[in-house]
1. For R166, project a label point 7 Å along Cα to C-beta. Then give me every residue of segment 1-42 with its amide nitrogen under 20 Å of that point.
2. Just to be sure I understand the model, the point goes 7 Å from the Cα along the line to the Cβ. What's the resulting V12 to Y122 distance in nm?
3. Multiply the residue gap between S58 and E243 by 0.36 nm, knock off their C-alpha separation, and tell me the result in nm, one decimal place.
4. Provide the gained length on full extension for the span I217 to E256, in nm with one decimal, where the gain is 0.36 nm per separating residue minus the Cα-Cα distance.
5. Give the long-range amide H neighbours of W373: residues separated by 5 or more places, or on another chain, with amide H under 5 Å away, using H modelled in the peptide plane at 1.01 Å from N.
6. May I ask you to evaluate 6.51 cos²θ - 1.76 cosθ + 1.60, the Karplus curve with θ = phi - 60°, for each residue of segment 24-35 and list the ³J(HN,Hα) values in order in whole Hz, giving x for glycine and proline?
7. Provide the net charge surrounding T299, with neighbours chosen by a C-beta distance below 11 Å and charges set as Lys +1, Arg +1, Asp -1, Glu -1.
8. For segment 68-144, which whole-number percentage of the solvent-accessible area (1.4 Å probe, protein heavy atoms only) is attributable to carbon and sulfur atoms?
Amino acid sequence: MHFSIPSTQEFVSDGSGSSYTGFNIHINGSFHCCLRYKQLHSLHEQLKRSLPSIALPSFPPKKLLSLTPNQIEQRRLSLERYIQLVGQDPVLCRSELLRAFLLNAQQESSYTECSEVTLDVYLMNGYRISASVYTTDCTGKVLAKACALIDLPDERACYFALYLMRKEASGELTIVKRLMEFEAPYISAQRWDECKLVLRTGYWDPCYDLELMRDRIALNLLYIQALSDVERGWIATTRDLSEQLTNMQARGSKSEYLEIVRKLPLYGCLQFARATVDYPAPNTVATVVLGNKELNLLTAAGKEMQETKFKVTRIRCWRVTPIHINEEHSTAAVHTRQQQSSQQQQPSSQPQSATISLELSFEYLMAKNQLKWITIYSEQSMLMSVCLQSIVDELLNQKNGSDPAHLQNPQHVEYAPLSYIRRDGSNYCITDSSSTDTLCNLVNNDGTSNNGTSNQPAHQQQQHHASNNGSSFIRRKLKEFNTTVRFKNGKDSVQNEAFEWIGDDDL
């Protein structure tokens, strides 16, 4: 998980006049929740009790007196460092307790009532699955309900994932993000209201196709996805091959169609929008494609497309860096299971002449003992980084002999129910992130019921009435959340655990 705390909010009670600071937490490049210090401290204490064998990072100490602006900034940095270290631990980041906490934090921060709604999930051909879900259902639960509606067996559902995708004016599809288990698809989709929830395969190695092709429904899903990718040009074909595939499509020869398409170079890959790269020459325009254990750059060479392949196992490390156009800038790094730090662009203070973009740089083993940095300038750099880590995780998972379900399922450890403290101080017990028993339909620890709060999104809600003590909290300093995380200066990079030092004969 890519954690950062780029900014803060100040809340003030209109009853007592007291105020507190909320820390805006971004995960994988977009805003997720706003939490108080005591909420994160409560999470720390529960992780410590529930997972005693894990060496947790030290938590920033409490202060007795009110904090000055400089002290708040220091606390922001300390909390950011803490949550990043938590996200670096493979056991902690997959723990059910952390996922349940983040799911409920998202619900509280978005002011979403727990209610039953119809949520549309689309296949790649535009077919709509209208699922009856709760607004607070986690990604896994929504995925399971959508798969059940098309009769996909439960044991096959773990091979698929939910994505937010946007159709551009040109008709091209842009992948915005892949939804994770710690978030509610209904809430995330509200923040990206121009996007649709799309069902696609969630793995990278086409070898898993063989398992799915044994099932009629899974075979149909693979076929629909392959048809769409071919039609959109995500899978390159020749004219003769295209005619052959068209004939197979007309005959309904799904298995035969897939057997041919699966052998094509870009099958099963995710394609990103065109970007500028510095390889093989500066200012080269290329289409970035990720999959099949490779990062590919497709560049125009006359009337032909030239493909440059970079094997993921030869990428030693990578980093995401913000670029301030027309300003001096320095390298900043984002981490997956390594150190991260971040800074959000402030709409009110950012000069009009200075815009921020992102770049993904990776260090590649070009030849024996010869490493070279290659840079991609793209607004989708954070998503590319998340995908790279997902490919690495799958490679390591395969090395351990596990199937994709091992990556999808939370780390189930016996622990006491999560006690979630809301910003207003009320306390709730939660079971797990796959349950609908999130904040709004639980009972308080004192036995009173929780009536829920306004269902307006965070950037529209101006006042929140606490359900227990009758007081109200007004957000005195409310910012529109950017959907891209911003970074502070740093030097570290994501270290690729699947990197292999190899000799010239293997290159």
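1. Flagged as within label range: 26-33.
2. That separation, rounded to one decimal, is 4.4 nm.
3. Values: separation 185, 0.36 × 185 = 66.60 nm, distance 6.20 nm.
The span from S58 to E243 would gain 60.4 nm if fully extended.
4. 12.5 nm
5. Amide H neighbours of W373: Y364.
6. My calculation for segment 24-35 gives 7, 9, 9, 10, 6, x, 9, 4, 10, 7, 10, 10 Hz in order.
7. Working: positive: R274; negative: E304, E307.
Charge balance in the 11 Å sphere: -1.
8. Values: 1250 of 2590 Å².
Roughly 48 percent, rounded to a whole number.
The values are calculated or read from the model by the stated rules, or taken from the named source; none is laboratory data. All of these numbers come straight from a predicted model, not from anything done at the bench. Methodologically, a virtual Cβ is constructed for each residue, glycine included, from the backbone with ideal geometry; neighbour enumeration extends over all protein chains shown. The accessibility values were calculated without ligands, DNA or RNA, using every heavy atom of the protein model including side chains. Shrake-Rupley method; radii C 1.70, N 1.55, O 1.52, S 1.80 Å.
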